[in-house]
Every structure is written in C-alpha cells, then in structure tokens.
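S.K.: My questions will all concern the structure given below.
The values are calculated or read from the model by the stated rules, or taken from the named source; none is laboratory data. Keep in mind that what you see is a predicted model, and the values were worked out from it rather than measured. Using ideal geometry, Cβ is built from the backbone for each residue, glycine included, and neighbour counts are taken over all protein chains shown.
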Amino acid sequence: MTNKGLTVGETAKHLHVSIDTLRRWDKSGKLPAKKSDGGHRYYSQVDLELFKKDIFALATGWVLGSAKEPESASYCPTSSEFKGRLSKLQSALEKLQDLKEYYPLIVAVVGEIGNNSFDHNLGNWPDISGIYFSFDINKRQIAIADRGQGVLRTLKKVRPDIRNDEEALRVAFTEKISGRAPESRGNGLKFVLQVVLERAIQLEFCSSGAKVSVTKDCKMLNIQRIDTYYSGCLALISY
C-alpha cells in the first residue's frame with residue numbers, strides 16, 4: 001500500500017479479481033487507476049469503496065446530499081470530461097455481441113441526457129457544476145445525475161404556463177421545446193423517448209418532484225409525482 005492508496009496487486013486481491021481484469025477495467029473506464037508522479041498505477045480507498053456500491057444509489061446520494069464534489073472517477077466537472085468518459089462507455093459496449101446493432105443508440109441516449117445537463121445549466125449551476133456519470137457493464141446499467149436547475153425551472157423560462165413537475169416532464173419528452181431561449185432546437189429528450197420505445201432499453205428519469213418511467217412498447221409515458229425531491233436530474237438507463 002502506498003501513501004495514496006492500494007497498488008494494482010493489492011487492489012486485485014481486495015476485489016478478488018486478476019490483475020488482467022483490473023487492466024481491462026482501467027482501459028474501459030469501469031475502474032480507472034490513478035497514476036503517481038513516478039507513473040505507477042494505484043487505486044484510492046475512496047474509489048474502491050464507491051466501486052463496490054450500487055451506481056444508481058451513489059448517483060442518488062450525490063443529488064440529495066450536501067453540496068460537495070463527489071470523490072470519484074465518475075464525476076465529470078466539464079463537458080469535455082463527460083465526452084471522454086462517454087467514449088469509454090462506447091468502447092465497452094461495442095464489445096457486447098448482443099448489442100452490436102444498437103449500442104450506438106445507447107451511447108446517443110446517454111450523450112443527449114448528459115449534454116442536456118451541461119447545456120441547460122451553463123452559467124447557472126445552483127452549487128456544484130458537472131455531472132455524475134457511471135456505468136456497470138455487468139449489471140448493464142448507466143447512471144447520470146446533476147445538481148442543476150431541474151426540468152421545470154429550465155422550461156419555465158420559455159414556457160411560463162407549465163404548472164408543475166409532471167407537466168414539465170411530459171413537455172420535455174413529447175414536445176419540441178428548448179430551455180435555452182431563443183433557440184428553436186429541443187428534440188433531445190424526444191429522441192431519447194423514441195429510442196427507448198423502439199429498443200430493449202429501460203429509462204427512469206427524475207427531476208424535482210416527478211419521475212418518468214419508459215420501457216419498450218409501453219403505450220404511454222408513465223409520469224408520477226414522487227415524495228423525494230431531486231434538486232436537478234437523475235437518470236437510470238438499463239439495457
């Protein structure tokens with residue numbers, strides 16, 4: 001063990017995996033190693049503990065918790081870092097044979113949700129900027145979260161007639177509208193909905209006090225009010 005964390009060999013024993021597996025996880029972005037000034041790879045105790053927990057629970061905890069940057073490789077403070085991690089997700093998904101035909105659509109869905117977080121909160125982050133973005137290839141889950149303004153507050157800038165969180169989610173997923181006036185774009189979440197309805201993908205998307213659940217072949221959007229209040233947006237994509 002180094003002053004900063006565990007060596008590659010120690011980490012392999014700690015997680016009960018081979019060193020080759022750790023190298024693959026590092027390359028794919030599933031569990032990135034850090035590098036010392038001397039170029040040696042190591043893993044921090046914090047990252048290992050986070051890795052062993054549920055990614056959606058971690059994302060939820062960050063949105064609901066105190067205003068501090070998550071101590072994790074899954075935190076993307078900038079759009080460029082998000083895009084870099086998105087490339088690692090694509091590299092991991094393209095190796096799964098059963099996703100060969102539509103893994104690019106999964107990446108596109110994640111890209112739309114993540115880019116929305118940065119685009120609609122640019123210069124207006126309430127506290128911590130950036131997003132939490134993690135994926136678990138074994139569980140086939142992707143979690144994205146931000147501590148931004150939320151869908152209702154964003155859309156009311158251009159649609160002040162929207163009354164509540166449920167209506168805001170319905171508008172966001174079914175109408176062409178942008179929360180960045182005076183832009184006319186706004187197909188992002190409509191595209192997400194279209195992909196989910198056509199493919200074997202499930203989506204849970206929460207914002208403020210409402211949640212939308214979408215699965216393949218569902219007849220209508222399932223939007224409901226929830227007791228938990230999320231300051232920004234939280235999404236779980238299962239495939």
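S.K.: If you take the residues of the stretch 62-83 that are assigned to a helix (DSSP H, G or I) and over 13 Å from the mean Cα position of the chain (by Cα), which of them is modelled with the lowest pLDDT?
M.R.: Only one residue tops the list, namely LEU64.
S.K.: Can I ask one more? Is it true that SER134 is surrounded by 19 or more Cβ atoms within 10 Å (Cβ to Cβ), assigned by TED's automatic domain parsing to the domain that holds TYR239 and modelled with pLDDT under 95?
M.R.: Answer is yes for this residue.
S.K.: Considering only residues that are in contact with a helix residue (DSSP H, G or I) (Cβ under 7 Å, 6 or more places away or on another chain) and under 19 Å from VAL110 (Cα atoms), which ones fall in the stretch 45-62?
M.R.: LEU58
S.K.: Follow-up. Just one of the numbered conditions (1) within 15 Å of SER134 (Cβ to Cβ); (2) assigned to a helix (DSSP H, G or I) is not true of VAL109; which one?
M.R.: (1)
S.K.: A follow-up question, please. Residues to consider are ALA210, ALA200; find the one that is small (Gly, Ala, Ser), under 20 Å from the mean Cα position of the chain (by Cα) and in a loop (DSSP other than H, G, I, E, B).
M.R.: ALA200
S.K.: Are any of the residues in the stretch 35-53 buried (at least 18 other Cβ atoms within 10 Å of the Cβ), aromatic (Phe, Trp, Tyr) and closer than 30 Å to VAL158 by Cβ?
M.R.: For the stretch 35-53, residues buried (at least 18 other Cβ atoms within 10 Å of the Cβ), aromatic (Phe, Trp, Tyr) and closer than 30 Å to VAL158 by Cβ: absent.
S.K.: I'd like to check something: does the stretch 226-235 contain any residue that is outside any strand (DSSP E or B) and either within 18 Å of the chain's Cα centre (by Cα) or in contact (Cβ under 8 Å) with a residue 12 or more places away in the chain (or both)?
M.R.: No, the stretch 226-235 contains no residue that is outside any strand (DSSP E or B) and either within 18 Å of the chain's Cα centre (by Cα) or in contact (Cβ under 8 Å) with a residue 12 or more places away in the chain (or both).
S.K.: Does ALA145 fit the bill of being in a helix (DSSP H, G or I), within 28 Å of ARG170 (Cα to Cα) and within 13 Å of the chain's Cα centre (by Cα)?
M.R.: When the stated conditions are applied, ALA145 does not pass them.
S.K.: If you don't mind, another one. Which residue out of PHE173, PHE133 is over 17 Å from SER79 (Cα atoms), within 19 Å of the chain's Cα centre (by Cα) and aromatic (Phe, Trp, Tyr)?
M.R.: That would be PHE173, the only listed residue that is over 17 Å from SER79 (Cα atoms), within 19 Å of the chain's Cα centre (by Cα) and aromatic (Phe, Trp, Tyr).
S.K.: Checking ASN124 against (1) part of a helix (DSSP H, G or I); (2) more than 20 Å from ARG24 (Cα to Cα); (3) over 13 Å from the mean Cα position of the chain (by Cα), only one condition comes out false. Which one?
M.R.: All conditions are met except number (1).
S.K.: Please indicate, with yes or no, whether at least one residue in the stretch 24-34 is part of a loop (DSSP other than H, G, I, E, B) and out of contact with any helix residue (DSSP H, G or I) (no Cβ under 9 Å at 6 or more places or on another chain).
M.R.: Checked the stretch 24-34: no residue is part of a loop (DSSP other than H, G, I, E, B) and out of contact with any helix residue (DSSP H, G or I) (no Cβ under 9 Å at 6 or more places or on another chain).
S.K.: Quick check: anything in the stretch 63-84 aromatic (Phe, Trp, Tyr), out of contact with any helix residue (DSSP H, G or I) (no Cβ under 6 Å at 6 or more places or on another chain), touching a residue at least 12 places away in the same chain (Cβ under 8 Å) and closer than 24 Å to TYR229 by Cβ?
M.R.: Within the stretch 63-84, one or more residues are aromatic (Phe, Trp, Tyr), out of contact with any helix residue (DSSP H, G or I) (no Cβ under 6 Å at 6 or more places or on another chain), touching a residue at least 12 places away in the same chain (Cβ under 8 Å) and closer than 24 Å to TYR229 by Cβ.
S.K.: Okay, next question. Hey, can you tell me all the residues within the stretch 85-120 that are closer than 30 Å to LYS156 by Cβ, buried (at least 20 other Cβ atoms within 10 Å of the Cβ) and in contact (Cβ under 8 Å) with a residue 60 or more places away in the chain?
M.R.: VAL109, VAL110, ILE113, ASN116, SER117, HIS120
S.K.: What about GLU49, is it part of a helix (DSSP H, G or I), modelled with pLDDT of 90 or more and more than 30 Å from HIS120 (Cα to Cα)?
M.R.: no
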